Amino acid sequence: MSARLRTFGAALVINAAAALPALLVGALALQLRRDLGFGDTALGAALGLYFAVAAVCGPFGGRLAEQFGWRRSLDVAAGISASVLLGIATLAHSFASLVPFLILGGVSISLAIPTSNLVLSREMPAGRQGLLFGVKQASIPFAGLLAGLSLPVVALTIGWRWAFVAGLVVPLAAALAVPRRALGGPEPKRQRADTASMSSIATPSLVTLAVGGGLAMAGVGALNAFVVVATVDAGLEEATAGLLVALASVVGLSVRIIAGWWADRRSSGGFLPVAGLLAAGAGG
């Protein structure tokens, strides 16, 4: 396997690894609630805290990736994700003991996402970055697919803790995929961006896109947290609810890959297609 392909694989898998703990908590919410003794409000608060930490730490994660390089940052993000999964599987015996691991998971994804973006922007061919970013973004719904399937396959057969243990395969795969030699010489050291250059990045269009994307993700986060709980309350079996999560994840990852492929073939940029996708999601 070429170093470039391994690099892309690492960037792909680290996103799934960082998102997996929260997605597993949402998919296995009914079993966690029964075992750890908490309700819907606590579930929403815990996952909301995960995303809040990810949002607050995201800019710092991006700066750390720039400063320390994407190899080291990928290793750190994979290590944190593995620690979160293992910690929930072995040490989460109450709601109070679950929350710190979700906070740590938020830190992990705040580093994993900008690091994987850095890998793709610097190491992958410019003419294929739309497709590659689409595949990379599809890694999070792929983690949702794994979380959904884990409910009927693992959690309902041998227990929810084993689903988190099985999830350790994902961050370990990310760590193993990171090539230890640079693709074209040593990875260049990046100088810390000054205040003026950082402020020039925050254009009105980017701020608008960030706000719109954040509001859209609020809806996605609510679905991740409560879709299994809500569908079981509506009369579906737990196993069927897990399969519903898996099916929705397949649709989500397919759309992301197709959108990335289409972006490579557009002759001009612009945020209008992005706004259209956000509007379609809002309608849903």
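Read-outs throughout are calculated quantities, based only on the coordinates presented, and are distinct from any laboratory measurement. Just so we're clear, the structure is a prediction, and the values are computed from it rather than from any experiment. FYI the Cβ positions are ideal-geometry reconstructions off the backbone, even for glycines, and counts take in every protein chain you see.
List the trypsin sites (Lys or Arg not before Pro) in the range 53-84 that DSSP assigns to loop (not H, G, I, E or B) and whose Cβ has at most 16 other Cβ atoms within 10 Å. Which are they?
Answer in residue order: no site qualifies.
What does the helix-only formula give at 222 nm for the chain: each DSSP H stretch with n ≥ 4 adding -39500 (n - 2.57), the total divided by the residues, and the result rounded to the nearest 500 deg cm²/dmol?
Only helices count here, giving -27000 deg cm²/dmol.
In nanometres, what is the gap between the two model label sites at residue 220 and residue 96, each 7 Å from Cα along Cα-to-Cβ?
3.4
Highest first, please rank the peptides 40-51, 231-242, 138-149 by the mean number of other Cβ atoms sitting within 10 Å of their residues.
138-149, 40-51, 231-242
Tally Lys and Arg at +1 and Asp and Glu at -1 over the other residues with C-beta under 14 Å from the C-beta of residue 39: what net charge comes out?
Once all neighbours under 14 Å are counted, the net charge is -1.
For the peptides 114-126, 214-226, what is the packing order when you average, over each peptide's residues, the other Cβ atoms within 10 Å and list the highest mean first?
Top of the packing list down: 114-126, 214-226.
Where q = 0.07, 0.13 Å⁻¹, what log10 of I(q)/I(0) comes from the Debye formula for the chain, counting one point per Cα?
-0.26, -0.90
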